[in-house]
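Undergrad: Sending over a structure as structure tokens; questions will come in a sec.
Laboratory data are not the source of any read-out in this text; all were calculated from the coordinates shown. The shown structure was predicted, so the numbers you read here are calculated from the model rather than taken from an experiment. Neighbour counts run over all protein chains shown; Cβ positions are idealised from the backbone, glycine included.
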């Protein structure tokens, strides 16, 4: 039985609302926990202060940029549509169309900002409670950290779904008089693409700024503290140590939160656009399917988070994996039910289970990415071992080995994505849905869309695991700086090691979902161009202009990565100079008789990161628009932009995989040597491995994750600005 | 007046023959020079022996692989065409078609091998004569080295032109009875694409094997000599020093010779295929135009080489630049005359000067690449300075800075190529050549082809400058090892520094020409598919299969680069172990009382390089075929291969630019510090810079240059195997 549209919307909003309420309850539970000793609190407060000050300034900068872009969108839209009849844009005047898109953009930007801020708000309060819990038991610390992460995970995904579903509902109510409600409902997804763009826009700057911040502080603190002054990591005598701990929050929590917020938003909107194509078969059930799946995934994630507990003897990673398996199993069951409920049509009795299988392909892809990432970044396996071995002959061979591992690590993910796209496409194509006029199969692209939904179904849980990383990292820092006994440090160390793994996994997952979602978003773009022009758009690389546009897209990936890494190096340089200055002017710091000025370092990184993020971020926004407008002069604007987008995405996915996995592998090669291999800590091999680890920092925490957002921003920007290029 | 076909062929063969004769005369002149002291000769003989032994074994391996591929081509062709009518392949039976292609492949392979061998043969004999000449004057040494390089440059380019022109002439004579001679002449370029594939095939393995050899020896010798034992570069006590000097010859001379041989061959054949499309306007003059331009470029290069002389006070680079300017000016004049002579048609009176301008765009592109490469790799400019500055805070920041510079260095070349492709395309399109049936402009692609010819017109001179590099490098090594006075060392050092620059320039030039030629070869591929199927092929990225094929193409670039770098690391590792063993077992080596066993090191690198080159080389050959055959199952073989090729090319060009320039910049950042900056030699900054330099070695001399060939091999392999994918 076909469900009514308002029932579906209430279901989506209800389930997401439940997730929000649960997030609030979990956060109250976490906040009620013990805040540890006064020494711990002093450190935690300093982190909190620095992180909140940074985020406030960052959002002010991004807010200003967003207002400028919003104004340009409004003007551009009103201009692009000025000559068209009202009818061609779904019964709307150009001004109204422009207004809706602009408002959706701003709403996406605001929601993304809130999601990032909330996640960080909770995690900077959870770190100290995790540190305090570690004084009682490993299980208590594990649960505290994961639940703190879960607040971020649930909040982010729920906000994204509520935003899209809410916009959908509101636009339903604003249906212009005299327009057929069904036709209007099919038009809405195109009007809310602005929401995805707004989300991507904020996510790009948040991830880039946060990524620069975290690694500038980390690299700066390490080089001047560990290497020059010879003091251990997180030593309170290092003036940059608070900036380093702040960085974990603003980069990993706020940045990745914004990243997955926009992933979910962009993917849902893209899938809805494709769902419209099958309206005649599934009605609104097909259009809203992605949101329903997302909402059910949220409920599954809650269960997953709540069942995690560990005995203390086992590897905490196993406990987290159990939660992931439970979430995945529930998503699979939910997928089965929802496919049967919403994707059954008398026209094609096999369609629902074909799409169910597509969803399972997506779920399997998530698993594959998790395992491949582990293979390339954990020291149990060949790749990381080869880097550790190469460290024996010095830093140069360590670097060569790490770069080779990073590049090799792109092979299996690409094959996985290739198989996922093609198999889900064929399952969709053979689902039995035929165009009644041409008799052609039409369900292929929706198959890839459903696979993306399957992959993102576990997003809530994955994000909880991800934020677990910086929380335990911070907890470890607090324990170290407040000079707790070794037995407690040992517990936070174990959790910190698990946190490194979960952070690496999330990046693999994020890039995998970006790859799947990218194809989905291309298709949505092509569909939008078809809707606007009435013609099928082919993206023909055989034309010189289109080839050149693709070349430029791939080039932008290299340029952007270069800028992101240079930014880290420059900001780190200023941290190093500041720390050297403090050591020189206050010799008491090293003897422990004088207090370092943590605040100065925080300020310096804050200013450095914010200044450095503007140009690369703006480049990613301006470049595709410039390409579109220049090639429009040759009458090939929309096609050139498509090639730019697609080839830029391909290069971006590969580069991100290279950077993320290379960086993770270097990190763990160092850890492997620290277990006593090749001479252990303080050996020459270890010194070489530290160089690799430092090089990997901006790879895996700045350029790599920023490229995920870059890839999706390209899609959403072209989706929103398509009318300008035609 | 339209020239007769045989007149044109004789002109091409005559001019190329002159170049060959001049090459022989120059080599006799060089060989007649003084061979220096007995100590010098001992070292030179050791280099010669090692290089010739390596090349003999390398060509044996490649020869075996080539025979296997030839057999597969024969079978594949006979099989692919078995069902077709003889008429569809130009009046040939399937067996004859297969035979011609296979013979062309083998001929290309053999010529490529001879060109590589000859170039190296001369340069390993020139190095000692350059060393001896340095005892008299800088000018004598400069001229000796450049003329030795010129033998390689002239020989390589002449062989390539003679091979293509000769095959053309022979196939003219073999015209099947009853086939219209004009139709047959238009068919020939398709029959000789096998020559380009054979050349690329050998070039790939030669460049890859040589590149692995040279950098494994270099990295191994440096790490164990300079870093561990603390002895200077080229110190005779280092057992790996001869292997290092051998490497310069087998990597830079033989490798790059094979690379430019196949560039010229592939580009000429691709341009001829496009010339066929304009047969109705230009007749055979258009088809043979690329070969005529190439032959005239050879004569211009001879003049350029002969006028180079230096006073001793000036920078030797200025003298080399004068030669380059003279060559370019003569090529420009020749281009004007040839365009006017061969590309005048009453149908379009403006066509000839449009195409002349296209040629000038190509020439300008060569200049732009030369300057951009200098900007990114010379220490007078910001990029290299930023790396040197970053070395002050250690190896990690040096590496981050170098990677950022390498990635950034792709931006301007891509923009240059973009402008060159689009502007030459539009000049060609507006040349006035119209399809008589449709009235559409048809000269656009030939415009990009002519731009490529303009760029490659100076290939002979550029290759001479390139081989100048390893000759002076070797001469310096001989001077150092035979313990000559400092005043002589100072002269070879100056030439060596210039040689580093010329090597970097050639790589920039090679990748630029690869980018231009790639687009030309795509067009030839699309044209071949059109000829075979009768349908226009569009390469539509909007299809999931085509997108996936493109993704796989880009991935192969990362995989291949990873394999190339790992190979260097592993082979270097075995060198290090061998040197350590010799130092341990013969303590007399370090005291100078015992002779190191150079031959063992040469053997170890030889075996290591040959073993390591097979898998990556085979992968590049097998992967596109596998993609074609798999996607053929979806009915999209030819289109998927095109996307694979194009996006693989885009990724390859960017990656090669990143690797070449990053490596060059690291090298010169170290040299900049050695001039006394940041503490000079033996400072911490210098140690950090040495790490970067070592990392850059496999970047710029193994993976980067191999990617040039990789990119063109993808084109030629798809061009030859197109019938299999349809």
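Undergrad: Convex hull over the alpha-carbon atoms of the protein assembly as shown: what's its volume per residue in Å³?
TA: It is 160 Å³ per residue.
Undergrad: In what sequence, highest mean first, do A:195-204, B:516-525, B:48-57 appear when ranked by Cβ atoms within 10 angstrom?
TA: A:195-204, B:516-525, B:48-57
Undergrad: Under the rule a/c < 1.5 gives rounded, and otherwise a/b versus b/c splits prolate from oblate, where does segment B:462-527 land using the Cα gyration tensor?
TA: Verdict is prolate for segment B:462-527.
Undergrad: Return one number: the angle in degrees, 0 to 90 and rounded to the nearest 10, between the long axis of the Cα atoms of helix A:395-408 and the longest principal axis of the Cα atoms of chain A.
TA: On a 0 to 90 degree scale, this one is about 20.
Undergrad: Separate question: Inside 10 Å of the C-beta atoms of A:566-575, what's the mean count of C-beta atoms belonging to other chains? List each step's numbers first, then the result.
TA: Values: counts 9, 1, 3, 12, 5, 0, 5, 5, 0, 0.
For this peptide, the per-residue mean of nearby foreign Cβ atoms is 4.
Undergrad: Divide by every residue of chain B the summed helix terms, -39500 (n - 2.57) for each DSSP H run of at least 4, and state the resulting mean residue ellipticity at 222 nm, rounded to the nearest 500 deg cm²/dmol.
TA: The helix-only estimate for chain B comes to -28000 deg cm²/dmol at 222 nm.
Undergrad: Measuring from a point 7 Å out along Cα→Cβ, what nm distances, shortest first, does residue A:315 have to its partners in the other copies?
TA: 5.7
Undergrad: Same structure again: Assuming a ≥ b ≥ c are the square roots of the Cα gyration tensor eigenvalues, decide whether segment A:507-638 counts as rounded (a/c under 1.5), prolate (otherwise, with a/b larger than b/c) or oblate.
TA: Prolate, because a/c is 1.5 or more and a/b exceeds b/c.
Undergrad: Among A:718, A:345, A:606, A:533, what is the fewest-to-most ranking by other Cβ atoms within 10 Å?
TA: A:533, A:345, A:606, A:718
Undergrad: Work the Kirkwood hydrodynamic radius out for segment A:212-285: mean of 1/r over every pair of different alpha-carbon atoms, inverted, in Å. Provide the component values of the computation, followed by the final result.
TA: Details: mean 1/r = 0.0655 Å⁻¹.
Hydrodynamic radius (Kirkwood, Cα only) of segment A:212-285 equals 15.3 Å.
Undergrad: In addition: Would you kindly give the portion of the calculated P(r) for segment A:129-179 that falls above 18 Å, as a percent of all Cα pairs?
TA: On the way: 721 of 1275 pairs.
Value for segment A:129-179 (Cα pairs over 18 Å): 57 percent.
Undergrad: Determine the shielding of peptide B:657-663 by partner chains: average, over its residues, the number of Cβ atoms on other chains within 10 angstrom of each Cβ.
TA: Working: counts 2, 3, 1, 0, 0, 0, 0.
Across the residues of B:657-663, the mean count of other-chain Cβ atoms within 10 Å is 1.
Undergrad: When N is the residue count of segment A:5-725, what does its C-alpha Rg come to as a fraction of 2.2 N^0.38 Å? Mind showing how you got there, number by number?
TA: Working: Rg = 24.7 Å, N = 721, 2.2 N^0.38 = 26.8 Å.
Computed over Cα atoms of segment A:5-725, the ratio equals 0.92.
Undergrad: Among B:465, B:40, A:120, what is the fewest-to-most ranking by other Cβ atoms within 10 Å?
TA: In increasing order of surrounding Cβ atoms, one gets B:40, A:120, B:465.
Undergrad: Report the dimensions of segment B:33-168 along its three principal axes from the alpha-carbon atoms, largest first, rounded to Å.
TA: 69, 28, 13
Undergrad: What would the Debye equation give as log₁₀ I(q)/I(0) for segment A:245-300 at q = 0.14, 0.19, 0.24, 0.26 Å⁻¹, counting only Cα atoms as equal point scatterers?
TA: Once normalised to I(0) and log-transformed, intensities are -0.50, -0.71, -0.89, -0.95.
Undergrad: Ignore the peptide's own chain and count Cβ atoms of other chains within 10 Å of each Cβ in A:642-651; give me the average, rounded.
TA: Neighbouring Cβ atoms belonging to other protein chains average 5 per residue here.
Undergrad: Something else about it: Find every distance from the label point of residue B:485 to the corresponding label point in the other copies (7 Å from Cα along Cα→Cβ) and write them in nm, one decimal, shortest first.
TA: So the label point of residue B:485 gives 7.7 nm to the other copies.
Undergrad: Give me the orientation-averaged projected area of the Cα convex hull of segment A:676-716, in nm², one decimal. Show your work: numbers first, answer last.
TA: Values: hull surface 13.1 nm².
The orientation-averaged projected area of the Cα hull of segment A:676-716 comes to 3.3 nm².
Undergrad: For residue B:303 and residue B:580, what does the FRET efficiency come to when R0 = 51 Å and r is the distance between their Cβ atoms, rounded to the nearest 0.05?
TA: Details: r = 51 Å, r/R0 = 1.00.
Efficiency, rounded to the nearest 0.05: 0.50.
Undergrad: OK, next. Report the Cα centroid-to-centroid distance between segment B:165-209 and segment B:339-412 in angstrom, as an integer.
TA: 32
Undergrad: For segment A:601-726, just run the numbers: alpha carbon Rg, then divide by 2.2 N^0.38 Å, N being how many residues it has.
TA: Rounded to two decimals, the normalised Rg is 1.45.
Undergrad: Using only the Cα atoms of segment A:336-486, build the gyration tensor, take square roots of its eigenvalues as a ≥ b ≥ c, and label the shape rounded, prolate or oblate: rounded if a/c is under 1.5, else prolate if a/b is larger than b/c, else oblate.
TA: Judged from the Cα gyration tensor, segment A:336-486 comes out oblate (a/c at least 1.5, b/c at or above a/b).
Undergrad: Related question: To test your reading of the geometry: what angle, between 0 and 90 degrees and rounded to tens, separates the Cα axis of helix B:444-456 from the longest principal axis of chain B?
TA: Tilt of helix B:444-456: around 30 degrees.
Undergrad: Based only on Cα atoms, what mean projected area does the convex hull of segment A:217-338 have, in nm²?
TA: The orientation-averaged projected area of the Cα hull of segment A:217-338 comes to 10.9 nm².
Undergrad: What order, most packed first, do the peptides A:659-665, A:9-15, B:272-278 have when packing is the mean number of other Cβ atoms within 10 Å of each residue?
TA: So the order, starting with the most tightly packed, is A:659-665, B:272-278, A:9-15.
Undergrad: One-quarter of the Cα convex hull surface for segment B:109-202, in nm²?
TA: 7.2
Undergrad: Testing the spin-label approximation: label points 7 Å from Cα along Cα→Cβ at residue A:371 and residue A:71. State their distance in nm.
TA: Those two pseudo-labels are separated by 5.4 nm.
Undergrad: Related question: Compute the helix-to-body angle for B:284-307: its Cα long axis versus the longest principal axis of chain B, expressed 0 to 90° and rounded to tens.
TA: The angle comes out near 20 degrees.
Undergrad: Shortest first, in nm, what separates the label point of residue B:137 from those of the same position in the other copies (7 Å along Cα→Cβ)?
TA: Listed shortest first, these distances are 9.1 nm.
Undergrad: Another question, then. What translational diffusion coefficient, to the nearest whole µm²/s, does segment B:277-359 have by Stokes-Einstein, given a Kirkwood radius computed over alpha-carbon pairs, a temperature of 10 °C and 1.306 mPa s viscosity?
TA: Translational diffusion coefficient: 112 µm²/s.
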